[in-house]
Each structure stands twice: as C-alpha cells, then as structure tokens.
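Okay, so here's the structure we're looking at.
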Amino acid sequence: MKTSKFSFAPIPALIGLSIATLVGWGFSYISGLSFWIAFAIVIVSMLINGFIAEAEDNAPGGFNNPAPPDTTKSKSDE
C-alpha cells in the first residue's frame, strides 16, 4: 500500500473542529457577528497559525531542525 506524507486522522480533525466551533461561538457572542463569519475567522486564523508554526519549526534552529550541519569549511577540509 502506498503511503503519502499527509494522512487524515478523524479524531484530531474532530477535536480541532470542536475547538474552532466553541471559539467561534464565543467570538460571535462577544462581538455580535454572525456565527458563520466568526467561525470562518477562527478557521482561517487557525490555518495561518499552523503554517507559521510549521515554517518556524522547520527553520534552522527550530524544533524539527535543532542543530543544522555546519556549512562553513574548516582548515582541515582544505
């Protein structure tokens, strides 16, 4: 069976949607916006946060790349 880099896991997806629904409901209640507009704002902000966190974690020195190899040449390499 061929596996891909990304896979769908229903339980974490449902947890994320539940959190987004609750935060969207609270945001709608406080701000007076329609629930669907508040829900869309919450979903988009969660996606943007995920992309930024992924970029930071994969950057040199980040969580997924803590000690990148030294690319400078030492005198022993010459």
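Quick notes on this one:
- When segment 29-39 is limited to residues that are farther than 16 Å from Ser18 by Cβ and of a type outside the set (S, T, N, Q), the one that is surrounded by the most Cβ atoms within 10 Å (Cβ to Cβ) turns out to be Leu33.
- Pairs where the first residue, in segment 5-19, is closer than 19 Å to Ala38 by Cβ and the second is surrounded by 10 or more Cβ atoms within 10 Å (Cβ to Cβ), C-beta under 9 Å, 6+ apart: Gly16/Met46; Leu17/Ile43; Ile19/Val42; Ile19/Met46
- Pair list, Cβ < 6 Å and 6+ apart or interchain, from segment 27-44 residues that are without any contact (Cβ under 8 Å) to a residue 40 or more places away in the chain to residues that are of a type in the set (Ser, Thr, Tyr): Phe35/Ser28; Ala38/Ser28
- Qualifying residue in segment 15-28 (condition: of a type in the set (Gly, Ala, Ser), exposed (fewer than 11 other Cβ atoms within 10 Å of the Cβ) and at pLDDT 90 or above): yes
- Test: residue in segment 45-62 that is farther than 20 Å from Phe6 by Cβ, at pLDDT 90 or above and surrounded by 10 or more Cβ atoms within 10 Å (Cβ to Cβ): yes
The values are calculated or read from the model by the stated rules, or taken from the named source; none is laboratory data. What you are looking at is a predicted structure, and each value in this text was computed from that prediction instead of being measured. Note that each Cβ is placed from the backbone with ideal geometry, even for glycine, and that neighbours are counted across all protein chains shown.
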